[in-house]
Amino acid sequence: MDTSTMNHPFLPKLLPIVIGLTQAISSAVGQSTTNCFADPALESEFATIIADDGTTYETIDVTDSCCQNEVCAIPCAAETPPPPKGFGIAVMVAIIFFVIVGFMTTFFIQGQAGNYFVAGRSLPLYVVTATLASQSIDSNVILGSTTLSYKYHFWDGAVLPIGLGLSLIINALILARHINEDKALTLPDVFSKRYGKLVELLASICCIISFLCLLAGNLVGMGVILSYTLDMSQEG
């Protein structure tokens, strides 16, 4: 739930009614089974808002429902259907294909760093565009952004793809020409040519740490995707 909606002018009048219905449902069932929010901070904040209206909020029964439906009248999330038959095999075949292509490219590098990082600066614009887009549209964006938008607010999930898109546009309009003129291959190369080795080292450390975080997120996302496509449990 997006807690920013708590400030809506109609919410203080609506909350006692919703909570009264929730307590009535809970009393009729005769037991409370779960907290409404898995996040303790959100649970505490919501309880505080309720307490300001003189209403007690603890837990509700969600045996045949869900918290977002009972409290906010938002329909419960639909059950995820199983993957189509053979879908997991198709995904694995695609992964193996891309791995093979990756190994084959080693024969075209010929020991040259320029061939490895920028393909000898010979790629047309549409290939570079597709490459940058494929790097941006990863499991962090596909799973993370959609999850944030669903759980909280559209803009919580939109900030990542919007930020990525704007950064690529700004880089193309302002920085790309200067980077190309410097014949730089990596971001630390840019700092090295402009500010020296010490700044290059610091930039390299920042890049390593940031890409480790990026890799961790993608590995988690890959595990979620493969567990679904191959119909495997995510629990060990």
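The values are calculated or read from the model by the stated rules, or taken from the named source; none is laboratory data. Values in this document were obtained by computation on a predicted structure and should not be read as measured data. FYI the Cβ positions are ideal-geometry reconstructions off the backbone, even for glycines, and counts take in every protein chain you see. Areas reflect the complete protein model, heavy atoms only, side chains present, ligands, DNA and RNA absent. Shrake-Rupley method; radii C 1.70, N 1.55, O 1.52, S 1.80 Å.
Observations on the model:
- Some residue of the range 152-168 being surrounded by 15 or more Cβ atoms within 10 Å (Cβ to Cβ), more than 27 Å from the chain's Cα centre (by Cα) and either on the phi < 0 side of the Ramachandran plot or in contact (Cβ under 8 Å) with a residue 24 or more places away in the chain (or both): no
- Screening C213 with (1) more than 21 Å from L168 (Cβ to Cβ); (2) open to solvent by 80 Å² or more (accessible area, probe 1.4 Å); (3) not basic (K, R) gives one miss only, at (1).
Here's the yes/no breakdown for (1) in contact (Cβ under 8 Å) with a residue 40 or more places away in the chain; (2) closer than 30 Å to K183 by Cα; (3) surrounded by 10 or more Cβ atoms within 10 Å (Cβ to Cβ); (4) among the charged types (D, E, K, R):
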| site | (1), (2), (3), (4) |
| --- | --- |
| P81 | no, no, no, no |
| G88 | yes, no, yes, no |
| V91 | yes, no, yes, no |
| F97 | no, no, yes, no |
| F103 | no, yes, no, no |
| G114 | yes, yes, yes, no |
| G120 | no, yes, yes, no |
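- Annotation: G88 fulfils all but one of (1) assigned to a loop (DSSP other than H, G, I, E, B); (2) modelled with pLDDT of 65 or more; the unmet one is (1).
- If you check S65, S32, S26 for being at pLDDT below 65 and in a helix (DSSP H, G or I), only one passes: S26.
- Selection count, the range 103-126, where residues are under 20 Å from T186 (Cα atoms) and at pLDDT 85 or above: 1
- Residue-level analysis places S136 among those that are open to solvent by less than 70 Å² (accessible area, probe 1.4 Å), modelled with pLDDT under 80 and within 19 Å of the chain's Cα centre (by Cα).
- Segments classed as helices (runs of 4 or more DSSP H), wholly inside the range 172-231, with at least 2 members that are under 26 Å from the mean Cα position of the chain (by Cα) and at pLDDT 85 or above: 197-229
- Residue-level check: of (1) open to solvent by less than 50 Å² (accessible area, probe 1.4 Å); (2) under 12 Å from the mean Cα position of the chain (by Cα), T146 misses just (1).
- Index of the failed condition, A203 passing every other in (1) touching a residue at least 12 places away in the same chain (Cβ under 8 Å); (2) open to solvent by 70 Å² or more (accessible area, probe 1.4 Å); (3) farther than 23 Å from S134 by Cα: (2)
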